[in-house]
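S.K.: To start, I am sharing the structure in question, which I have written as structure tokens.
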Amino acid sequence: AQTVTQSQPEMSVQEAETVTLSCTYDTSESDYYLFWYKQPPSRQMILVIRQEAYKQQNATENRFSVNFQKAAKSFSLKISDSQLGDAAMYFCAYRRRGKGFQKLVFGTGTRLLVSP
Amino acid sequence: GAVVSQHPSRVICKSGTSVKIECRSLDFQATTMFWYRQFPKQSLMLMATSNEGSKATYEQGVEKDKFLINHASLTLSTLTVTSAHPEDSSFYICSARDSDLYEQYFGPGTRLTVT
């Protein structure tokens, strides 16, 4: 079974600084998706960024970028120029790619605190 | 963008009663919807996957007779918590798969409190 591990329960960053959230996963599959979701205090899950495993190029979305290391099964999220609105829980997630729509497997989450 | 709504956003019910939570895809058709449960400061736990017109598939350890899921149309799935008990108090989140785009979108969640 696939597992997703987030070893940092909480991280802190100052406004305008850069922070990296870690995620590792375990799978025997070669074709899959990886995601970072943000859950602010409102509890609404928001997709931050997605990476297809077959793509070597790291995904980027404005201030958010990932470092995808397929051999190491590592998928970290870098937030640049942190803003107060980035404060939230961040969940790393895995989804196998295959016939039909596969379910998401979530990590335990990392709480990001942003200070002025 | 794709929007998923849930109703109600908060509900309080007495122990032993049943409560229904609705999940709707507002601007897309969703052949597959997922129901999650989230305890405070924890991750999302998948409870079941529902496909339109067929029976839901429950995750191991989830009581299908207690958590009734109906996915009667391409835009609506419901979760009914039957004979609720205080330990059922939790945050319930649904998500819907866009049939065309193969993406998954989350609802805002429902906070259930059983007294």
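S.K.: Considering each of A:Val66, A:Val114 in turn, give the residue that is buried (at least 20 other Cβ atoms within 10 Å of the Cβ), away from chain B (no Cβ under 14 Å), touching a residue at least 12 places away in the same chain (Cβ under 8 Å) and more than 14 Å from the chain's Cα centre (by Cα).
M.R.: Selected residue: A:Val114, the only one of A:Val66, A:Val114 that is buried (at least 20 other Cβ atoms within 10 Å of the Cβ), away from chain B (no Cβ under 14 Å), touching a residue at least 12 places away in the same chain (Cβ under 8 Å) and more than 14 Å from the chain's Cα centre (by Cα).
S.K.: Tell me, which residue of the stretch A:80-109 that is of a type in the set (A, V, I, L, M) and out of contact with any Lys or Arg (no Cβ under 6 Å at 6 or more places or on another chain) is least open to solvent (accessible area, probe 1.4 Å)?
M.R.: In this case the residue turns out to be A:Ala93.
S.K.: Just to verify a result, which residue in the stretch B:92-115, among those that are aliphatic (A, V, I, L, M) and within 11 Å of another protein chain (Cβ to nearest Cβ), is nearest to A:Arg95 (Cα to Cα)?
M.R.: Once the filter is applied, the top-ranked residue is B:Ala96.
S.K.: To continue, here is another question. Within the stretch B:45-76, restricting attention to residues that are among the hydroxyl-bearing types (Ser, Thr, Tyr) and within 14 Å of chain A (Cβ to nearest Cβ), which residue is nearest to A:Cys92 (Cα to Cα)? I'd like the intermediate steps shown before the answer.
M.R.: First, the residues of the stretch B:45-76 that are among the hydroxyl-bearing types (Ser, Thr, Tyr): B:49-50, B:54, B:57-58, B:73, B:75.
Those left that are additionally within 14 Å of chain A (Cβ to nearest Cβ): B:49-50, B:54, B:57-58.
Values: B:Thr49: 20, B:Ser50: 23, B:Ser54: 30, B:Thr57: 24, B:Tyr58: 23 Å.
Among those residues, the one meeting the criterion is B:Thr49.
S.K.: Additional query: Looking for something closer than 18 Å to A:Val13 by Cβ, modelled with pLDDT of 95 or more and of a type in the set (S, T, N, Q) - is there at least one such residue anywhere in the stretch A:40-59?
M.R.: Scanning the stretch A:40-59, I find no residue that is closer than 18 Å to A:Val13 by Cβ, modelled with pLDDT of 95 or more and of a type in the set (S, T, N, Q), so the answer is no.
S.K.: While we're on this one: Which of the residues belonging to the stretch A:1-17 are modelled with pLDDT of 95 or more, among the hydroxyl-bearing types (Ser, Thr, Tyr) and open to solvent by less than 80 Å² (accessible area, probe 1.4 Å)?
M.R.: Residue satisfying the conditions is A:Thr5 alone.
S.K.: Can B:Glu59 be described as without any contact (Cβ under 8 Å) to a residue 24 or more places away in the chain and loosely packed, with under 12 Cβ neighbours inside 10 Å? Give the derivation first.
M.R.: Values: without any contact (Cβ under 8 Å) to a residue 24 or more places away in the chain: yes; loosely packed, with under 12 Cβ neighbours inside 10 Å: no.
Taking the combined requirement at face value, the residue does not satisfy it.
S.K.: Between a residue in the stretch B:85-110 that is at pLDDT below 90 and any residue that is of a type in the set (Gly, Ala, Ser), which pairs come within a Cβ distance under 6 Å, given they are 6 or more apart or on different chains?
M.R.: Once the first residue is at pLDDT below 90 and sits in the stretch B:85-110, its partners that are of a type in the set (Gly, Ala, Ser) give B:Arg97/B:Ala30; B:Asp98/B:Ala2; B:Gln104/B:Ser95.
S.K.: Check A:Ala93, A:Ala59 and return the single one that is within 14 Å of another protein chain (Cβ to nearest Cβ) and small (Gly, Ala, Ser).
M.R.: Answer to the check: A:Ala93.
S.K.: Go through the stretch B:1-44 and give me each residue that's away from chain A (no Cβ under 11 Å) and over 16 Å from the mean Cα position of the chain (by Cα).
M.R.: Listed by number, the residues that qualify are B:Ile12, B:Cys13, B:Lys14, B:Ser15, B:Gly16, B:Thr17, B:Asp27, B:Phe28, B:Gln29.
S.K.: Of the conditions (1) open to solvent by less than 60 Å² (accessible area, probe 1.4 Å); (2) within 17 Å of the chain's Cα centre (by Cα), A:Asp31 satisfies every one except a single condition; which number is it?
M.R.: Single failed check for A:Asp31: (2).
S.K.: Shifting gears a bit: Could you tell me whether A:Glu52 is open to solvent by 20 Å² or more (accessible area, probe 1.4 Å), farther than 23 Å from B:Gln42 by Cβ and within 14 Å of another protein chain (Cβ to nearest Cβ)?
M.R.: yes
S.K.: Something else now. Condition first: under 19 Å from B:Gly16 (Cβ atoms) and within 12 Å of chain A (Cβ to nearest Cβ). Can you find one or more residues in the stretch B:82-91 that meet it?
M.R.: There is at least one residue in the stretch B:82-91 that is under 19 Å from B:Gly16 (Cβ atoms) and within 12 Å of chain A (Cβ to nearest Cβ).
The values are calculated or read from the model by the stated rules, or taken from the named source; none is laboratory data. Just so it is clear, the structure is predicted and the values come from calculations on it, not from any experiment. For neighbour counting, all protein chains shown are included, and Cβ atoms are generated from backbone atoms with ideal geometry for every residue, glycine included. Keep in mind that these areas ignore ligands, DNA and RNA; they rest on the heavy atoms of the full protein, side chains included. Shrake-Rupley method; radii C 1.70, N 1.55, O 1.52, S 1.80 Å.
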